[in-house]
Amino acid sequence: MSEIELTQVKVEGRLSRPSTPSRITADRTARRAFFVITLFPILLILIITVALFVRAMPILSTYSLTDLLFGEIWRPNNGQFGFRPFILGTLWVTAVGIFLAVPPCLLASIYLAEYAHARTRAIAKPILDLLAAIPPVVYGVWGLLAIVPFVDDVLAPLFDRWLGSTIPIFSVTQPTGFGILAGGIVLAVMIAPLIISVIFEVFATVPNDLRHASLALGTTQWQTIRTVVLPQVTPGIIAAIVLGASRALGETIAVLMVVGNVPKVPTSIFDTAYPLPALIANNYGEMMSIPLYDAALLGAALVLLVVIIIFNILSTLVLQRFLRRK
Amino acid sequence: MSIKKKYFQRRHIVEFLVKTAMRIALVIVAGALGLILWTIITRGLPSLSWSMVTQIPKGGYYMGKEGGILNAIIGSAYLASGGTLLAILLSLPIALYLKAYLGDSKWGDYVRLALDVLWGIPSIVYGAFGFALMIMLGMRASLLAGIIALALVTLPIMTRAMDEVIRRMPVDLEHAALALGSTKFEVAIQVVTRQMLPGIITGILLAFGRGIGDAASVLFTAGYTDRIPTSLMNPTASLPLAVFFQLGSPYPEVRERGYAAALILTIIVLIVSLGSRLLASRLNKYTVK
């Protein structure tokens, strides 16, 4: 009985609808309003770039770009703004992070895409989601509590004994555990969920017929993956790694907490580093008191932004092409 | 014959080795989560106390005296919900416009590219941008500035999440509604949003979870204070920064409380993350497959 009543209310609702012309006006107005809002993301990228450029202008017009980017000395009090230690610090930490993250991520995502049971996938997906949901500052705390002591107590002595004297980038110069390796390990775990999920998506774009054809010829599953699937998805995998690298380049708080923050050009993975994002985050308090300091820091943000936008556009274009194939 | 047999054996050995390596890799990644949770729980739990979540810092809290971090918990809740609300106002129209008018067209791809690029921009850059904007407008660090910065961080995450689900909507449903004489806008508001409610909720909670954990964007924009903000123009504390500042303290007991604060933050984020999953599967019952 109550169901009939409900239907009647609904029918009445239909009858009281506005007439057609006003509905078309509403449609038109909404379309225009939504169109303007939709332009916002595109405009925002321009606005951010321009705003940072304007604020960085004082320093860009005082020093040449090469002096800023390749200058070795950072002494804002003396008017010396060389970004080289920070740029190299960023690159080192990112490179170590990517180097550590890629092999396990690649293997794990191939396993999930090609071998795993539906059940394994159903377990792995929430784990990856949770890993992605953990805030950067918690990763930083973990790095501080677990990774820094681990590097200090286990990895540093080990590397020093076996490789330190022969290969300079493995020599231990910094006896606290804070440094590039600790930052790289934390970064590797942070970007793993992103890399795995993107590579997984890319693998899913390969049509199953190809796999079946290859398997029907009597190959093992790994032979099929290596000879049929992998060659098709290589650009997608590279795009996923570039995406992970751009995420790593900009990561701030977690890296800042474990990397040591000494403005010196690093020479070993056990050295401390001072990446650009950490530089910006650490000095926000005092930057208004020294001339050109805020311009220099916002200039650093601009450098970071431009590099990351380029990385992102490249990888996204490749991935969009892939995912449309599906 | 024996050569052939040997060959068969070798490739099966390779298959086995590769598979084992992959399983180990998966265990390492999953183990990392376990390791993080284990570290945070075992180090955070001992100093976790009721007063931490029910009191604001009393005088000398950062030197190890009485008080809690209620100001940061409330501040983070304000910041994340304000930022999420602001982001919904923008992202829902964008997602619906992408679906209704742009579809898979070239312009649709441009907008998606822009959103993906925005997603990739690190939150410290949003923080720096917010700071530059604040100087230009003559504003001070405040709840409002923090909310705006967080809305920018979460906007692309939310929009792309909504877009992904809306795209998977059955075309027939849209066609049926259009055939009944509804306009595209009516389809977008009355059919698409209802059908995609689970996805929309997931996107919103995803963005909320990100907002509550993000430190770099609110570092310059929201400031930090021991009081609970009473207006949008007050500066406000946030949980990630509370963790960060307490860890920088020279007093060991304050650092211990920083670990406990990290545990609180982790618990909140995990609840939001698991909650979105649960809610989405609940709501999924009401959609047309």
For the B:Lys285, A:Val265 Cβ pair and Förster radius 45 Å, calculated FRET efficiency rounded to 0.05 is 0.15
Based on other C-beta atoms within 10 Å, arrange A:Lys264, B:Lys184, B:Lys58 from fewest to most. B:Lys58, A:Lys264, B:Lys184
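Quick check: residue separation of B:Val14 and B:Gln190 times 0.36 nm, minus the Cα distance between them. What number comes out in nm?
Extra length available between B:Val14 and B:Gln190 comes to 57.8 nm.
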Add -39500 (n - 2.57) for each DSSP H run of 4 or more in the protein assembly as shown, then divide by its residues: what number comes out at 222 nm, to the nearest 500 deg cm²/dmol? -23000 deg cm²/dmol
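Please report Rg over Rh for the stretch B:1-146, where both radii come from the alpha carbon positions and Rh follows the Kirkwood definition. Walk me through the intermediate numbers first.
Working: Rg = 26.5 Å, Rh = 21.9 Å.
Radius of gyration over Kirkwood radius for the stretch B:1-146 works out to 1.21.
Name the longest site-free stretch of chain A, where the excluded sites are GluC sites (Glu not before Pro) in a DSSP loop with no more than 13 other beta-carbon atoms within 10 Å.
Values: sites that count: A:Glu72, A:Glu286.
That gives A:73-285 as the longest site-free run.
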What distance in nm separates the two pseudo spin-label positions at B:Trp38 and A:Leu39, each 7 Å out from Cα along the beta-carbon direction? 5.5 nm
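Which value results for Rg/Rh of the stretch B:94-195 when Rg is the Cα radius of gyration and Rh the Kirkwood radius based on the inverse mean 1/r?
With Rh from the inverse mean 1/r over Cα pairs, Rg/Rh is 1.12.
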Helix A:118-133 sits off the longest principal axis of the Cα atoms of chain A, rounded to the nearest 10 on a 0 to 90 degree scale, by 60 degrees
Distance between the stretch A:261-286 and the stretch A:98-145 - C-alpha centres, whole angstrom: 27 Å
Quick one: which residues, 5 or more positions from B:Tyr224 or on another chain, have an amide H under 5 Å from its amide H? H modelled 1.01 Å from N in the peptide plane, none for Pro or chain starts. B:Thr236
Report the net charge of residues surrounding A:Arg28, where surrounding means a beta-carbon distance below 13 angstrom and charges are Lys +1, Arg +1, Asp -1, Glu -1. +2
Describe numerically, in nm with one decimal, the distance between label points set 7 Å from Cα along Cα→Cβ at A:Phe99 and at A:Arg119. 4.0 nm
With +1 on each Lys and Arg Cβ and -1 on each Asp and Glu Cβ, how big is the dipole of the protein assembly as shown about its Cα centre, in debye rounded to the nearest 20? 1780 debye
Tensor-based shape of the stretch A:25-155 (alpha-carbon gyration tensor, a/c under 1.5 rounded, otherwise prolate or oblate): oblate
Using the charge dipole of the stretch B:121-197 (Lys, Arg: +1 at Cβ; Asp, Glu: -1 at Cβ; taken about the Cα centre), state which of B:Val187, B:Ile124, B:Pro170 has its Cα farthest towards the positive end. B:Ile124
Overall form of chain A per C-alpha gyration tensor (a/c, 1.5; a/b vs b/c): oblate
Please give the charge dipole size of the stretch A:128-275, origin at the Cα centre, charges +1 on K and R Cβ atoms and -1 on D and E Cβ atoms. Round to the nearest 20 debye. 240 debye
Compute the separation of the alpha-carbon centres of the stretch A:198-228 and the stretch B:219-289 and state it in Å as a whole number. 43 Å
Distance in nm between B:Ala179 and B:Met233 label points, each 7 Å along Cα→Cβ, equals 5.8 nm
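With all distinct Cα pairs included, what does the Kirkwood hydrodynamic radius of the stretch A:79-191 come out to in Å, to one decimal, could you say? Mind showing how you got there, number by number?
On the way: mean 1/r = 0.0617 Å⁻¹.
This gives a value of 16.2 Å.
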If one puts a single equal scatterer on every Cα of the stretch A:92-132 and applies the Debye formula without solvent, what log₁₀ I(q)/I(0) results at q = 0.14, 0.17, 0.20, 0.34 Å⁻¹? -0.39, -0.54, -0.69, -1.06
Here FRET efficiency (C-beta to C-beta, A:Asn283 to B:Ser49, R₀ 30 Å, nearest 0.05) is 0.30
So if the hydrodynamic radius of the protein assembly as shown is defined as the Kirkwood radius over C-alpha pairs, what does Stokes-Einstein give as its diffusion coefficient at 20 °C and 1.002 mPa s, in µm² per second? 82 µm²/s
Translational diffusion coefficient (Stokes-Einstein; Kirkwood radius from C-alpha pairs) of the stretch A:166-236 at 10 °C, 1.306 mPa s, in µm²/s: 102 µm²/s
So, with +1 on the Cβ of K and R and -1 on the Cβ of D and E, and no other charges, what is the size of the charge dipole of chain A about its Cα centre, to the nearest 20 debye? 1240 debye
Restricting to aspartates and glutamates and to Cα separations under 18 Å from B:Lys58, and discarding same-chain partners fewer than 8 apart, the set is B:Glu66, B:Asp226, B:Glu253, B:Glu256
Calculate I(q)/I(0) for the stretch A:269-319 by the Debye formula, one identical point scatterer on each C-alpha and no solvent, and give its log10 at q = 0.16, 0.26 Å⁻¹ to two decimals. -0.60, -0.93
J(HN,Hα) series, the stretch B:141-149, from Karplus relation 6.51 cos²θ - 1.76 cosθ + 1.60, nearest Hz, glycine and proline x: 4, 7, 4, 4, 4, x, 4, 5, 4
Sort all Cα-Cα distances of chain B into consecutive 10 angstrom bins from zero, then give the percent of pairs in each bin up to the one containing the longest distance. 6, 22, 25, 21, 14, 8, 3, 1, 0
Order of B:Trp107, B:Trp119 under a 10 Å beta carbon neighbour criterion, fewest first: B:Trp107, B:Trp119
Per-residue Cβ neighbour rank within 10 angstrom, fewest leading, A:Asp153, B:Asp163, A:Asp129: A:Asp153, A:Asp129, B:Asp163
Dipole check, the protein assembly as shown, charges on Cβ (K,R +1; D,E -1), about Cα centroid: among A:Pro193, A:Leu279, A:Pro21 the Cα furthest to the positive pole belongs to A:Pro21
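FYI, it's all coordinate maths here, none of it is from the lab. Every value quoted in this text rests on a predicted model; they were computed, and no experiment measured them. So basically every Cβ, Gly included, is an ideal-geometry build from the backbone, and we count neighbours across all protein chains shown.
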